[in-house]
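Read-outs: derived from the displayed coordinates by stated rules, not from any lab. Fair warning: this is a prediction, and the values are worked out from it, not measured in the lab. As a convention, Cβ positions derive from the backbone with ideal geometry for all residues, glycine included, and neighbour counts pool all protein chains shown.
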Amino acid sequence: MRKIKILIIALSTAFAAVSFAQTETLQDLINTAIEVSPKIKMLEMKKLAASNRIEQNSNLPDPMLTLGLANLPVNSFSFTQEPMTGKIVGLSQAFPFPGKLSDQADVNKKDVDIVEQEILDAKNEIRKNVIKNYDELLYSRKAIDIANSSKDLLINIAEVVRTKYSVSTASQQNLLKVELEITNISEKIEDLKSKESSQLSTLNALLLRQEDSQIETPDFPEIGYKSFTVDGLVDSAVIYRPFLAGIKEAKQKEVLKKSLVEYDYYPNFNLALQYSFRDKIERTNTPLDDFFSVMLGISLPLNYGGKVSSKVEETESMQKLYAEQYDMSLQILRSSFGSSIAKLKSLKERIKLVSEGSLIQANENLKTTLTSYQVGQVDFLNVIDAENSLLKIENDLYRLKTDYLNEIAELEFLTGTNLK
């Protein structure tokens, strides 16, 4: 009975695993990769640390408690000898110039916003990597299917050759040639399976899974072609790309930081309260009143050596730096977009030529050649050449489609949008 229960549990687990693999979509894989990513978790901690710094730097410093003895005579160290002798308790509090602490908080909040953009850009990068590796896995599996179909065709051709050989209308060389082609395609299938395993391992690494965990994939998707312009892609990147938004946030931080450091031109304050306890004079038996003192300290912002003005100039320089970095990034993106659009256009035209021309012609050529060979009108080598040509064209077609999808994934990362 126990063995039956164990068997039921094992089968249930296996069926659940199969069901999970079959229902996982590309978006599911992307979500999982983002969820388990150590880089995202690291950046989340960086964001939390930046958030914690806001309260640290935007509140008043702790007050200072002072305890002391004043005017204690050294000849007797008595508290009742001199009327100016007293025990002092003081409390002081430093105050920055009004508005400085709120500006400090605004500067620190920008650090949180900057890290948030880093997180969004990292998520987009993970999305791109998952899509590209997923596309490559699709291609590897499609190439295996094509190769298996080619192998099946060669096996059928081998049967034809054997039949012709049995009636002395085909040579032994033809029979050996077709067997060699079957061996070659078998070796190619094994090579493709190795590449499939490599792609699967890479994709599983992004998901923090065992390298041989199975990932079910659908048939190769149909491509929806779209037209792009450099200006349109640049406009999308300006609006949606977190990396560019992060540069804007960094520049805005320097604007706020300039306002903050300009407070160093104004004084800071220190308010001190003191209470002196006095004992009565022993020789006259005269009681003495206690003393209460209030003092206000004001710093003198003299800007020695231009130390404050240099801080202001530093923030202005940093603003210009981020402005130039932003323009440089747009320049690089514009160049990348131009290259990508040209590549996509070329891939689209090549896919159309192959699918609507070469592939149809290769299929017809193989059918015609095989029929002609069966009636003895063409040599066997023509059949092999026609079959190899069809295999190459089919592989090339799906390689072109994979390159097109990968290029779209790259553009989606660079613009921060979904272009499909």
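Pairwise over distinct Cα atoms, reciprocal of the mean inverse distance: report the Kirkwood radius of region 92-247 in Å, one decimal place.
21.7
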Net charge near residue 278: determine it from the other residues with C-beta under 10 Å of the C-beta of residue 278, scoring Lys and Arg +1 and Asp and Glu -1. -2
Full extension from residue 42 to residue 70: what is 0.36 nm times the residue separation minus their Cα-Cα distance, to one decimal in nm? 4.6 nm
Taking a crude spin-label model, label points 7 Å out from Cα along the C-beta direction, the residue 25 to residue 266 distance in nm is 5.5
On the formula 1/(1 + (r/R0)^6), with r taken between the Cβ atoms of residue 195 and residue 238 and R0 of 45 Å, the FRET efficiency rounded to 0.05 is 0.70
Which of these, 89, 115, 230, has the largest mean-square fluctuation under a Gaussian network model of the chain (Cα springs below 10 Å)? 89
Size of charge dipole - region 189-326 - debye, nearest 20, with Cβ of Lys, Arg +1 and Asp, Glu -1, no other charges: 800
Contact order normalised by residue count of the chain, Cα under 8 Å, 6+ apart, percent: 22
With angles folded into 0 to 90 degrees, how steeply does helix 2-23 sit against the dominant principal axis of the chain? Use alpha carbons for both and round to 10. 90
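Any chance you could run the full-extension gain for residue 419 through residue 145? It's 0.36 nm times the residue separation minus the Cα-Cα distance, nm to one decimal.
95.8 nm
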Alpha carbon centre of region 296-356 versus region 155-228: separation in Å? 47
Using only C-alpha atoms and all pairs of different ones, pull out the Kirkwood radius for the chain in Å with one decimal. 29.8
With charges set only on the Cβ (+1 for Lys and Arg, -1 for Asp and Glu), what does the dipole of region 115-191 come to about its Cα centre, in debye to the nearest 20? 420
Nearest 10, in degrees from 0 to 90: the angle of helix 242-261 to the longest Cα principal axis of the chain is 10
What FRET efficiency would be calculated for the residue pair residue 342, residue 216, taking the C-beta separation as r and a Förster radius of 30 Å, to the nearest 0.05? 0.30
10 Å beta-carbon shell around residue 201, net charge (K/R +1, D/E -1): -2
